[in-house]
Amino acid sequence: MDYFDLHCDTIYELSEYGLYRRSRGTLRENGGQLDLARTARYAHYAQVFALFCGSTPIQTEEEAHVRFTHLLQTAQNAFASCSDVLVHCKTADDFAAAERQGKVAAFLSIEGAELLQSEADIQAAIDAGVRIVTLTWNHRSCYGCGAAADNDAGLTEAGIWLVQKLSVHGIVPDVSHLSERGFWDLMQNTSAPVLATHSNSREVCPHLRNLTDAQFTAIVQRGGLVGINLYVPFLTRNAHAEPSDILRHIEHFCALGGADSLCIGADWDGCDRLPDGISDVTGIERLAEALARHGYTDIQIRNLMYDNAKRFVTANF
Ligand SMILES: [Zn+2]
């Protein structure tokens with residue numbers, strides 16, 4: 001099968017900031033949830049690799065610069081060391097070439113725009129081919145308020161300036177982690193498509209990291225995409241989740257008319273709790289099996305797993 005995923009934290013785990021240092025782990029092979037040895041099972045595989053700002057708030061512009069530079073270097077080194085099987089894609093043409101060659105299509109995103117606090121670092125991200133930026137992580141930053149900080153506080157003036165600056169360069173804003181107020185501030189200040197790379201339905205599971213029906217519908221109307229997240233607390237209020245809990249979110253979004261706007265943003269290496277039977281990136285096959293058992297057609301499964309995201313990249317990157 002083919003698999004296109006909008007969000008993982010593997011680069012962070014490979015960096016010196018990783019919460020668990022893998023013993024000589026690399027992008028090709030490591031003890032975490034995602035490596036290229038395991039994704040080789042997918043005929044075509046595309047992955048957006050996030051440069052994650054980290055869960056401890058950044059205090060100074062210098063600290064942001066050091067973290068961003070180290071994460072970008074980690075990603076570039078990892079991509080270069082796998083260039084026999086992986087292409088770093090900056091454009092739709094790069095993606096088409098990777099697909100033709102049967103190589104992994106790797107994209108870069110930034111999770112937490114607070115990593116970019118100087119014009120020089122914003123330019124460095126543009127030059128490095130970053131295509132997606134989440135405007136906040138969970139905290140309040142110079143650009144806005146995360147969903148865990150204050151849902152009634154939105155984007156700052158600097159946040160709105162950043163959105164407009166990035167959009168000039170075709171970089172797509174990502175609303176995962178953004179507060180609800182910030183989401184609507186963004187929608188008022190851009191007419192471009194937006195992504196929620198790793199968020200589920202708040203109607204199905206009432207978590208602040210999930211999207212309301214109104215938010216989801218607005219993303220669909222803009223031609224955006226939502227990536228389904230496999231982290232248990234975003235799937236269900238129960239202690240454990242089953243693949244069927246993932247299906248409840250997919251079904252709800254499809255019922256809102258979003259079947260062509262859905263894909264996967266599993267959050268590999270960012271989840272310490274996954275549904276039963278899914279322990280790493282190979283578990284996407286279990287999800288595809290569950291969808292088939294529930295009557296989803298091959299085309300519907302293919303759209304969710306690959307084609308919807310492929311269409312977005314082809315049209316927007
Ligand atoms: Zn995240």
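Applying the condition of being part of a loop (DSSP other than H, G, I, E, B) and not polar (S, T, N, Q) to the range 129-143 and asking which residue is farthest from the chain's Cα centre (by Cα) yields 142.
Taking the range 2-100 and the strands (runs of 3 or more DSSP E) fully enclosed by it, the elements with 2 or more residues that are within 16 Å of the ligand (Cβ to nearest atom) and over 18 Å from residue 114 (Cβ atoms) are at 3-8, 45-52. Taking residues in the range 128-146 that are at positive phi, and partners anywhere that are β-branched (Val, Ile, Thr), the pairs with Cβ atoms closer than 6 Å and at least 6 places apart or on different chains are 144/136; 144/156. Residue count for the range 261-304 satisfying the condition of being among the hydrophobic types (A, V, I, L, M, F, W, C), within 19 Å of the chain's Cα centre (by Cα) and outside any strand (DSSP E or B): 8.
Scoring residue 212 on the criteria (1) touching a Lys or Arg at 6+ places or on another chain (Cβ under 7 Å); (2) without any contact (Cβ under 8 Å) to a residue 60 or more places away in the chain; (3) buried (at least 17 other Cβ atoms within 10 Å of the Cβ) leaves a single failure, condition (3). With the condition kept exactly as written, say whether any residue in the range 229-237 is away from the ligand (no atom under 16 Å from the Cβ) and either over 26 Å from residue 52 (Cβ atoms) or touching a Lys or Arg at 6+ places or on another chain (Cβ under 6 Å) (or both). The answer is no, given that none of the residues of the range 229-237 is away from the ligand (no atom under 16 Å from the Cβ) and either over 26 Å from residue 52 (Cβ atoms) or touching a Lys or Arg at 6+ places or on another chain (Cβ under 6 Å) (or both).
Contact map, the range 87-98: first residue under 15 Å from residue 125 (Cβ atoms), second residue surrounded by 16 or more Cβ atoms within 10 Å (Cβ to Cβ), Cβ cut-off under 6 Å, separation 6 or more or different chains; pairs are 88/79; 88/106; 90/129. Among the residues making up the range 87-110, a single one is aliphatic (A, V, I, L, M), in contact with a Phe, Trp or Tyr (Cβ under 6 Å, 6 or more places away or on another chain) and farther than 18 Å from residue 227 by Cβ: 92. Taken together, the residues in the range 174-198 that are within 16 Å of the ligand (Cβ to nearest atom) and farther than 18 Å from residue 131 by Cα amount to 3. Note on the range 199-209: residues that are away from the ligand (no atom under 14 Å from the Cβ) and surrounded by fewer than 23 Cβ atoms within 10 Å (Cβ to Cβ) amount to 5. Evaluated against (1) assigned to a helix (DSSP H, G or I); (2) at positive phi, residue 114 falls short on exactly one condition, (2). Restricting attention to the range 101-139 and to residues that are over 26 Å from residue 3 (Cα atoms) and within 16 Å of the ligand (Cβ to nearest atom), the residue that is surrounded by the most Cβ atoms within 10 Å (Cβ to Cβ) turns out to be 136.
Residues in the range 220-240 that are hydrophobic (A, V, I, L, M, F, W, C) and buried (at least 24 other Cβ atoms within 10 Å of the Cβ): 225, 226, 228, 230, 234, 235. Being of a type in the set (Lys, Arg) and within 20 Å of residue 162 (Cβ to Cβ) is the filter here, so list the residues in the range 91-131 that pass it. Across the range 91-131, the qualifying residue is only 131.
Every read-out reported here was derived from the displayed coordinates using simple, explicitly stated rules and does not represent laboratory data. Values in this document were obtained by computation on a predicted structure and should not be read as measured data. In this analysis, Cβ positions are derived from the backbone assuming ideal geometry, glycine residues included, and neighbour counts consider all displayed protein chains.
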